[in-house]
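Novice: Right, I'll just put the structure down here and ask away after.
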Amino acid sequence: FDGVSLQMIADEVGLHKSSLFHHYRGKVELAHDVFNTTMQQIDEILAPLAADDPPDLATLIASTGALSDHFSEEPDAARLILAMVTAPDDSDLRLPYEAVDIHPVVNFYQVFGGWLDRAKRSGAIAPVNFRQTMVNLIGLVLFYPAVARDMPEVTGADPFSAKARRIRREELERTLRGTLEPS
């Protein structure tokens, strides 16, 4: 983020810098807009979880698989989300919680957390630690696509091929079933 100028962004998308300034005051505002759009896409992918009552583990597996596919298609979105949610409090990149009625990340936690709570209470999943499960889910669907291009020694030469995506989805399902299926 720090190494990219608004001119570089304008050149990449084929616009004049003045056209970007017509819509955005700077790259921070542009990044926040892209972040909010990305989180809206995630909300759409997770909509089945919000509506899943009674909860079914298959719905969680399908939703997290869809998220994994989304971030495989849009790894830069995964990188942006990680950058924004882990930015220091004094960073311009950090989206302030008071800047929006409901912070997009809070909504993400509410949907996932709501599903986990309903599933745990109904016995659809094993009793698990809520926070640890959330961190694990985020790591499984977000971290890998965010770092895949920079770590070919770990992720392989083509981390977004159809085969690599299929393997990730299979591993994700095995992990979720192994962790969450009731005994």
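The values are calculated or read from the model by the stated rules, or taken from the named source; none is laboratory data. Please read these numbers as outputs of a predicted model, since none were measured by experiment. Cβ: placed from backbone, ideal geometry, glycine included. Neighbour counts: every protein chain shown. Just the protein is used for accessible areas: all its heavy atoms, side chains included, with ligands, DNA and RNA removed. Shrake-Rupley method; radii C 1.70, N 1.55, O 1.52, S 1.80 Å.
Novice: Under 6 Å between Cβ atoms, at least 6 apart or on separate chains: pull out the pairs that start in the stretch 112-123 with a residue that is at positive phi and end on any residue that is among the β-branched types (Val, Ile, Thr).
Specialist: none
Novice: For the condition touching a Phe, Trp or Tyr at 6+ places or on another chain (Cβ under 8 Å) and either open to solvent by 70 Å² or more (accessible area, probe 1.4 Å) or under 16 Å from residue 75 (Cβ atoms) (or both), what is the one hit in 155, 86? Talk me through it step by step, then tell me what you get.
Specialist: Working: 86 fails: touching a Phe, Trp or Tyr at 6+ places or on another chain (Cβ under 8 Å).
One residue alone meets the criteria, 155.
Novice: In the stretch 11-28, what residues are assigned to a helix (DSSP H, G or I), of a type outside the set (S, T, N, Q), without any contact (Cβ under 8 Å) to a residue 12 or more places away in the chain and surrounded by 12 or more Cβ atoms within 10 Å (Cβ to Cβ)? Spell out how you get there, then give the answer.
Specialist: Initially, the stretch 11-28 is screened for residues assigned to a helix (DSSP H, G or I), giving 11-13, 17-23, 27-28.
Now narrow it down to the ones that are of a type outside the set (S, T, N, Q): 11-13, 17, 20-23, 27-28.
Then keep just the ones that are without any contact (Cβ under 8 Å) to a residue 12 or more places away in the chain; that gives 11-13, 17, 22-23.
Answer for the stretch 11-28, where residues must be assigned to a helix (DSSP H, G or I), of a type outside the set (S, T, N, Q), without any contact (Cβ under 8 Å) to a residue 12 or more places away in the chain and surrounded by 12 or more Cβ atoms within 10 Å (Cβ to Cβ): 11, 17.
Novice: Still on this structure: Step by step: first the residues of the stretch 48-69, then only those that are within 20 Å of residue 113 (Cα to Cα) and within 14 Å of the chain's Cα centre (by Cα), then the one that is surrounded by the fewest Cβ atoms within 10 Å (Cβ to Cβ). Which residue is that? Spell out how you get there, then give the answer.
Specialist: As a first pass, look at the stretch 48-69 and keep what is within 20 Å of residue 113 (Cα to Cα): 48-68.
From the residues that got through so far, the ones that are within 14 Å of the chain's Cα centre (by Cα) too are 63-68.
Values: 63: 22, 64: 22, 65: 19, 66: 17, 67: 23, 68: 22.
Across the stretch 48-69, the extreme among qualifying residues is 66.
Novice: Would it be correct to say that residue 114 is under 30 Å from residue 30 (Cα atoms) and either open to solvent by less than 30 Å² (accessible area, probe 1.4 Å) or modelled with pLDDT of 85 or more (or both)?
Specialist: Values: under 30 Å from residue 30 (Cα atoms): no; either open to solvent by less than 30 Å² (accessible area, probe 1.4 Å) or modelled with pLDDT of 85 or more (or both): yes.
The answer is no for residue 114.
Novice: Still on this structure: For the stretch 118-133, what are the residues that are of a type outside the set (Phe, Trp, Tyr) and surrounded by fewer than 16 Cβ atoms within 10 Å (Cβ to Cβ)?
Specialist: In the first step, residues of the stretch 118-133 are kept if they are of a type outside the set (Phe, Trp, Tyr); the result is 118-129, 131-133.
Those that are of a type outside the set (Phe, Trp, Tyr) and surrounded by fewer than 16 Cβ atoms within 10 Å (Cβ to Cβ): 121, 122, 123, 126, 127, 128, 129, 131, 132.
Novice: Out of 174, 168, 121, which single residue is at pLDDT 90 or above and within 16 Å of residue 61 (Cβ to Cβ)?
Specialist: 174
Novice: Separate question: How many of the residues in the stretch 1-10 are open to solvent by 80 Å² or more (accessible area, probe 1.4 Å) and at pLDDT 85 or above? Talk me through it step by step, then tell me what you get.
Specialist: Initially, the stretch 1-10 is screened for residues open to solvent by 80 Å² or more (accessible area, probe 1.4 Å), giving 1-2, 8.
After this cut, where a residue has to be at pLDDT 85 or above as well, the list is 8.
Of the residues in the stretch 1-10, 1 are open to solvent by 80 Å² or more (accessible area, probe 1.4 Å) and at pLDDT 85 or above.
Novice: With respect to residue 31, is the statement that it is more than 30 Å from residue 180 (Cβ to Cβ), open to solvent by less than 70 Å² (accessible area, probe 1.4 Å) and either without any contact (Cβ under 8 Å) to a residue 24 or more places away in the chain or within 23 Å of the chain's Cα centre (by Cα) (or both) true? It would help to see each step written out before you state the result.
Specialist: Details: more than 30 Å from residue 180 (Cβ to Cβ): yes; open to solvent by less than 70 Å² (accessible area, probe 1.4 Å): yes; either without any contact (Cβ under 8 Å) to a residue 24 or more places away in the chain or within 23 Å of the chain's Cα centre (by Cα) (or both): yes.
Judged against the criteria, residue 31 is a match.
Novice: What pairs come up if the first residue lies in the stretch 144-170 and is among the aliphatic types (A, V, I, L, M), the second is in a helix (DSSP H, G or I) and open to solvent by 30 Å² or more (accessible area, probe 1.4 Å), and their beta carbons are under 7 Å apart, counting only those six or more places apart or on different chains?
Specialist: 146/79; 146/82
Novice: Now a separate question. If only one of 93, 80 is outside any loop (DSSP other than H, G, I, E, B) and surrounded by 17 or more Cβ atoms within 10 Å (Cβ to Cβ), which one is it?
Specialist: Numbers: 93 fails: outside any loop (DSSP other than H, G, I, E, B).
Residue meeting the stated conditions: 80.
Novice: Among 46, 80, which is the only one that is within 30 Å of residue 162 (Cβ to Cβ), touching a Ser or Thr at 6+ places or on another chain (Cβ under 8 Å) and modelled with pLDDT under 90? It would help to see each step written out before you state the result.
Specialist: Working: 46 fails: modelled with pLDDT under 90.
None of the others qualify; the one that does is 80.
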